[in-house]
Amino acid sequence: MSNEFKECVKETVKVIQQEVYIKDEVLQKIVGLFLSIKEGRFLGKKPPRGILFYGPPGTGKTLLMKTLAKKVGLSEPIMIRGPEIISQYYGKSESRLRQIFTLAKERAEEENLAIIFIDELDSLASRRDLTKGELESRLVGQLLSLMDGLEKEITKGHVAVIGSTNRPDVLDPALRRPGRFDLEIEFDPPSVDERKEIIKIILNNYANGRYSNINFDEIAEQTIGFTGADMLQLVNESLLQVVIEGRDYMTHNDLMSAKNSVKPSALREFNLAKPKDRTNEIENKDIVNNLSQIANEFYTSPYFKPILLSQPLPLPDKIASTIAYLVNDRLNCPYLVVSATCFRSRWFGEMERSIRLLFEKIKYLQPCVVYIKNIDAIADPADEHLRGAILELLEHLIELNDNNAKVLLLCSATGGVDSQVKIYLREL
Ligand SMILES: Nc1ncnc2c1ncn2[C@@H]1O[C@H](COP(=O)(O)OP(=O)(O)O)[C@@H](O)[C@H]1O
Ligand SMILES: [Mg+2]
């Protein structure tokens, strides 16, 4: 790769990251690929034909699709929305697909590269054995033959097809064979550092940069489980507050108070975190020794192990992450992080329902390490509104205990915890 080309890729990645924050490595790969094809520098004979963007909703798949074509210097992107092509062109869906591919071939000849984006690919290409609809089944067939056909029909240039989906599991397996969607790119829920970048981008693009004194680190730390789309909702809620109060700038407090009314989608999905070894951040060596023992006990014979971490924050975060890391090292199991403050809700019954959903997920995920941060937010005995939540929580603790579920449950609390709940939690 010439240095000039490398620079161009880096530059383009930066420009894209001003609109949608995706990891450097991922963007470099895609941008490098497209730029090299466009400039006729691609070395291999056959550049990848199909690329699959997959990951939970709200992680920027659609936004990246929209941004990519523009930023690598292609004309207007050719975009198909899965659900639209099924409903809007009903009866003409297949011919519409063929038209789009023809258009792309013409473009490819002129510009060396044309990209077809198929958003929500699963809606038109789900497994033929699962869909009852004859139309969907025909569409998969049509799409496959169009993609295969590109091979022979194109004499000059390249057509790449990018599909996006939240549900890669329901895609027709034929789509994922070599020569079809064989380059897969995963979109993870953002990490704390990524959330910091995303909130900045969104503030600059949606709030016109009119904000002051925002502590981005704190916002990022306080938004566990938020996707990019949740961050957008957070900013929108705050903007509303700004308008109501007749101000023309947003503050840190606007974001912090809006946080209570935005429910992170990761609670609907799984909020899986990557545990890190944070031993060197823990000063008390007795605690450190204890951690390896707990981890050791759990990975040698996983059984229900509920632990209360009542140290002041952020120590419990470090402890939980380290234990999960040690367990993960031996027993490849998920680490679920949930902040119980997200369960606080004004709606009657809503808290109980969220708690139930969480434990359903835990049961499904086991063996796993779960960290419920600030469990006092749903188990504070002094708060009358929490009676239902406490009962719900107890019921699940009892169930996990009775079934000896393979769950290492870590809970942090800075305030009081209901005494019955406490019976089920061992202090570290
Ligand atoms: N990684 C990200 N960087 C910046 N903004 C994001 C990101 N992910 C999501 N968003 C915000 O959320 C909105 C919805 O995301 P979208 O691209 O539709 O998600 P998906 O297609 O993965 O479901 C975007 O328009 C953007 O404002
Ligand atoms: Mg989308």
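The values are calculated or read from the model by the stated rules, or taken from the named source; none is laboratory data. Since the model is a prediction, treat every value here as computed from it, not as a measurement. Because the Cβ atoms are built from the backbone with ideal geometry, glycine has one as well, and the counts that use them run over all protein chains shown. Keep in mind that these areas ignore ligands, DNA and RNA; they rest on the heavy atoms of the full protein, side chains included. Shrake-Rupley method; radii C 1.70, N 1.55, O 1.52, S 1.80 Å.
Tell me which residues, restricted to region 220-251, are of a type in the set (A, V, I, L, M, F, W, C) and within 16 Å of ligand 2 (Cβ to nearest atom). Please lay out each step first, then the result.
Within region 220-251, the subset of a type in the set (A, V, I, L, M, F, W, C) is 220, 224, 226, 229, 231-232, 234-235, 239-240, 242-244, 250.
ALA229, MET231, LEU232 - these are the residues of region 220-251 that are of a type in the set (A, V, I, L, M, F, W, C) and within 16 Å of ligand 2 (Cβ to nearest atom).
The listed residues are GLY58, GLY44, and the only one of them that is modelled with pLDDT under 95 and within 16 Å of ligand 2 (Cβ to nearest atom) turns out to be GLY58.
Within region 215-233, the presence of at least one residue that is within 30 Å of PHE187 (Cα to Cα) and either surrounded by fewer than 13 Cβ atoms within 10 Å (Cβ to Cβ) or free of Cβ contacts under 8 Å to residues at least 12 places away in the same chain (or both) is confirmed.
The one condition from (1) more than 16 Å from ligand 2 (Cβ to nearest atom); (2) of a type outside the set (Asp, Glu); (3) open to solvent by less than 70 Å² (accessible area, probe 1.4 Å); (4) assigned by TED's automatic domain parsing to the domain that holds ILE118 that PRO168 does not meet is (1).
Condition check ((1) in the same structural domain as LEU33 (by TED's automatic domain parsing); (2) of a type outside the set (Phe, Trp, Tyr); (3) surrounded by fewer than 19 Cβ atoms within 10 Å (Cβ to Cβ); (4) within 16 Å of ligand 1 (Cβ to nearest atom)) across all residues:
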residue: VAL140; (1), (2), (3), (4): yes, yes, no, no
residue: LYS152; (1), (2), (3), (4): yes, yes, yes, no
residue: HIS158; (1), (2), (3), (4): yes, yes, no, no
residue: GLY163; (1), (2), (3), (4): yes, yes, no, yes
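Residues in region 266-282 that are modelled with pLDDT of 55 or more and open to solvent by 70 Å² or more (accessible area, probe 1.4 Å): ARG268, LEU272, LYS274, LYS276, ASP277, ASN280, GLU281.
Region 30-124 holds helices (runs of 4 or more DSSP H) entirely within its bounds, and those carrying 3 or more residues that are more than 13 Å from ligand 1 (Cβ to nearest atom) and open to solvent by 50 Å² or more (accessible area, probe 1.4 Å) map to 93-111.
Return yes or no: is ARG195 basic (Lys, Arg) and within 16 Å of ligand 2 (Cβ to nearest atom)? Here the answer is no, as ARG195 does not meet what is asked.
Could you tell me which of the residues LEU43, LEU63 is without any contact (Cβ under 8 Å) to a residue 40 or more places away in the chain and either out of contact with any Asp or Glu (no Cβ under 6 Å at 6 or more places or on another chain) or in the same structural domain as ILE199 (by TED's automatic domain parsing) (or both)? So the residue among LEU43, LEU63 that is without any contact (Cβ under 8 Å) to a residue 40 or more places away in the chain and either out of contact with any Asp or Glu (no Cβ under 6 Å at 6 or more places or on another chain) or in the same structural domain as ILE199 (by TED's automatic domain parsing) (or both) is LEU43.
Of the helices (runs of 4 or more DSSP H) lying entirely inside region 220-316, those containing at least 3 residues that are within 20 Å of ARG344 (Cβ to Cβ) span 228-244, 252-258. Taking the conditions exactly as written (open to solvent by less than 10 Å² (accessible area, probe 1.4 Å), part of a helix (DSSP H, G or I), at pLDDT 90 or above and more than 12 Å from ligand 1 (Cβ to nearest atom)), does ILE199 satisfy them or not? Judged against the criteria, ILE199 is not a match. Looking at the structure I just gave you, is PRO178 in contact (Cβ under 8 Å) with a residue 60 or more places away in the chain, outside any helix (DSSP H, G or I) and open to solvent by 20 Å² or more (accessible area, probe 1.4 Å)? For PRO178, the condition - in contact (Cβ under 8 Å) with a residue 60 or more places away in the chain, outside any helix (DSSP H, G or I) and open to solvent by 20 Å² or more (accessible area, probe 1.4 Å) - is not met. Pairs are defined by a Cβ separation below 9 Å, a sequence spacing of at least 6 or placement on different chains, a first member in region 74-97 that is closer than 11 Å to GLU120 by Cα, and a second member that is in a loop (DSSP other than H, G, I, E, B) and open to solvent by 20 Å² or more (accessible area, probe 1.4 Å); the pairs so defined are ARG81/GLN88; ARG81/GLU120; GLY82/GLU120; PRO83/GLU120; GLU84/GLU120. Scan region 1-29 residue by residue and report those that are open to solvent by less than 40 Å² (accessible area, probe 1.4 Å) and under 29 Å from the mean Cα position of the chain (by Cα). Those that are open to solvent by less than 40 Å² (accessible area, probe 1.4 Å) and under 29 Å from the mean Cα position of the chain (by Cα): VAL9, THR12, VAL13, ILE16, GLN17, VAL20, ILE22, VAL26, LEU27. Being touching a residue at least 40 places away in the same chain (Cβ under 8 Å), of a type outside the set (Val, Ile, Thr) and not in a helix (DSSP H, G or I): is that true of GLU184 here? So GLU184 passes the test.
Within the option set PHE343, PHE348, being open to solvent by 30 Å² or more (accessible area, probe 1.4 Å) and at pLDDT below 85 holds for one residue only, PHE348.
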